[in-house]
Amino acid sequence: MISGRACPVDYTYRTDALADDVGRAAEVLYVVGGLYGNLLALDALERGLALERGEINVVFNGDFNWFNVDPVSYLEINRRVLGWGALRGNVETELARDEDLGCGCGYPPWVADEVVENSNAIMRRLRAVASAAPALRHRLGGLHRHAVFRVGDLRVAAVHGDAESLAGWGFAQESLRHPGQLRTVAQWFSTGAVDVFACTHTCLPVLQAVDTDAGKGFVVNNGAAGMPNFAGDLRGLVTRIAVRPLPPATDSLYGVRYRGVFIDNVPVAYDRVGWAEKFIADWPPGSAAHRAYYERITHGPRYRRAAALRV
């Protein structure tokens, strides 16, 4: 097993386990993936959540840790996220593990070896910080890998990777360009008795409609809440699924309404200058995270918003 590319067997689960989950009722559901230790993004997200009226459900679906390698930020991120509710991603899973198996990212062949090596190095540094808080590591390891919610007439499965693996890339925007993969995804919707898969993990967002036996299913991958997702746009992104429209002061970059339910990708306008300064302080030039992420953090990825909306 190559660290960072192949993952342990305990990452996998059965898609039909989602069908067995009755699900929690929710009028407004926020699915927040890829916070990546950005405390300023968490501040901005919580300011946005305060604009909602009525009851809301928030689930952080993994990788809320990553860049937060100073002990204060590490503890603060986890305290606040776990106060809302969370699933574990590959980062939290590997932080809780006693042996070093790399980052657990499950990188596919199209990702360069250099990216894998940088991610493994980031994980080693973060594990060293996490080792000082063993009770928290144990708590992270006990988080669930998936959850089901009932929003209006839709069943929504929140996962980190895909319908079969915590670190699966079956919902990556690259994977969803292939007809064969879309047929596999259509089967996942049927087997899991799911109308919407809300995911993250693969770092780039996509809202993909899929033809299913029941009509349509939607994969909504938010990319990253704590990093830019589009060229020239330095905001993070989260998924909102709700029976009522967005509050007046809240924007949607793109979305769809299906069977009376609003599915939106909502920007997280954090203090990008403050975050860049914090990032450099923790990850100076020459460090693994600086090599891997600084260009994206300061300019965004080479990915256009138009490429993400596929409905």
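Every read-out reported here was derived from the displayed coordinates using simple, explicitly stated rules and does not represent laboratory data. Keep in mind that what you see is a predicted model, and the values were worked out from it rather than measured. Here Cβ is always computed from backbone atoms with ideal geometry, including for glycine, and neighbour counts include all displayed protein chains.
Here are a few things to note about the model shown:
- Sole residue being surrounded by fewer than 21 Cβ atoms within 10 Å (Cβ to Cβ) and either touching a residue at least 60 places away in the same chain (Cβ under 8 Å) or aromatic (Phe, Trp, Tyr) (or both), chosen from LEU49, LEU101: LEU101
- Selection from the range 48-66 of residues that are under 27 Å from LEU95 (Cβ atoms) and assigned to a loop (DSSP other than H, G, I, E, B): GLY62, ASP63, PHE64, ASN65, TRP66
- Residues in the range 236-286 that are assigned to a loop (DSSP other than H, G, I, E, B), in contact (Cβ under 8 Å) with a residue 24 or more places away in the chain, closer than 26 Å to VAL115 by Cα and over 21 Å from the mean Cα position of the chain (by Cα): TRP283 alone.
- Pairs where the first residue, in the range 18-46, is over 14 Å from PHE60 (Cβ atoms) and the second is among the aliphatic types (A, V, I, L, M) and surrounded by 24 or more Cβ atoms within 10 Å (Cβ to Cβ), C-beta under 7 Å, 6+ apart: LEU18/ALA157; LEU18/VAL194; ALA26/VAL151; ALA44/VAL268
- When the test is whether a residue is among the small types (Gly, Ala, Ser) and farther than 19 Å from HIS201 by Cβ, GLY83 passes it.
- Residue list for the range 204-227, filter: in contact with a Gly (Cβ under 6 Å, 6 or more places away or on another chain) and either surrounded by fewer than 24 Cβ atoms within 10 Å (Cβ to Cβ) or acidic (Asp, Glu) (or both): LEU204, VAL210
- Residue in the range 67-116 that is farthest from GLU164 (Cα to Cα), counting only those that are in a helix (DSSP H, G or I) and of a type in the set (Asp, Glu): GLU76
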